[in-house]
1. Criterion first (exposed (fewer than 14 other Cβ atoms within 10 Å of the Cβ), at pLDDT 95 or above and either among the β-branched types (Val, Ile, Thr) or assigned to a helix (DSSP H, G or I) (or both)) does Leu52 satisfy it?
2. I need the full set of residues from the stretch 63-79 which are under 22 Å from Leu23 (Cβ atoms) and loosely packed, with under 14 Cβ neighbours inside 10 Å, in order please.
3. Select from the stretch 1-27 the residues that are without any contact (Cβ under 8 Å) to a residue 24 or more places away in the chain and part of a helix (DSSP H, G or I) and write down the one among them that is nearest to the chain's Cα centre (by Cα).
4. Of (1) in the same structural domain as Leu22 (by TED's automatic domain parsing); (2) at pLDDT below 90, Ala88 satisfies all except one. Which?
5. The conditions are (1) loosely packed, with under 14 Cβ neighbours inside 10 Å; (2) among the small types (Gly, Ala, Ser); (3) farther than 30 Å from Leu123 by Cα, and Ser21 fails exactly one of them. Which is it?
Amino acid sequence: MTYRKYLVLAGVTLFAAAGDSLLAHGMKQAGGVSLHDLPSLISAILNPWVALGILFLLGFFAAYMTALSWADLTYVLPATSLGYVLLALIAKFVLHEQVTTTRWLGILLISAGVGFVTQGPALTHHDHPLTELPREDALKCCAQEVVTRAER
């Protein structure tokens, strides 16, 4: 793993925690919304805290897609789950929510699991004949396969 890849995983973690926290804060201000009450939903989205939370979650999504482009889902998702620890700390000390002992234990178990996941490879390597070829040769091979099938 390179330094940049660690930064992307950190970005996923930070953007998700910040976005979820801002969204929660804004929705507490906005109050209850319903999909059946479109004006209340639009009003909630226009709340500055909710809008900022959505922007952070878009940043999360971009970083998440980047991470998935070079690593397996089974690596990326657990590796970024340390965000649960950050989210619990934000909820407790910034949003002043109650975080029970049971939740802290669950977060501790998740964090321990992250240690196991990060010991393995980030990407599964498949032994597929086309992955061994340069891109141009792989495309030629695929094109030839299509022609051969069409001739049958």
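The values are calculated or read from the model by the stated rules, or taken from the named source; none is laboratory data. Here the structure is a predicted model, which means the values were calculated and not measured. Because the Cβ atoms are built from the backbone with ideal geometry, glycine has one as well, and the counts that use them run over all protein chains shown.
1. no
2. If the condition is that a residue be under 22 Å from Leu23 (Cβ atoms) and loosely packed, with under 14 Cβ neighbours inside 10 Å, then Met65 is the only one that fits.
3. Step one: of the stretch 1-27, the residues without any contact (Cβ under 8 Å) to a residue 24 or more places away in the chain are 2-4, 6-7, 10, 27.
Cutting the leftovers down to part of a helix (DSSP H, G or I) gives us 3-4, 6-7, 10, 27.
Details: Tyr3: 18, Arg4: 16, Tyr6: 14, Leu7: 13, Ala10: 11, Met27: 21 Å.
Result: Ala10.
4. Tallying (1) in the same structural domain as Leu22 (by TED's automatic domain parsing); (2) at pLDDT below 90, Ala88 fails exactly one: (2).
5. Exception for Ser21: condition (1).
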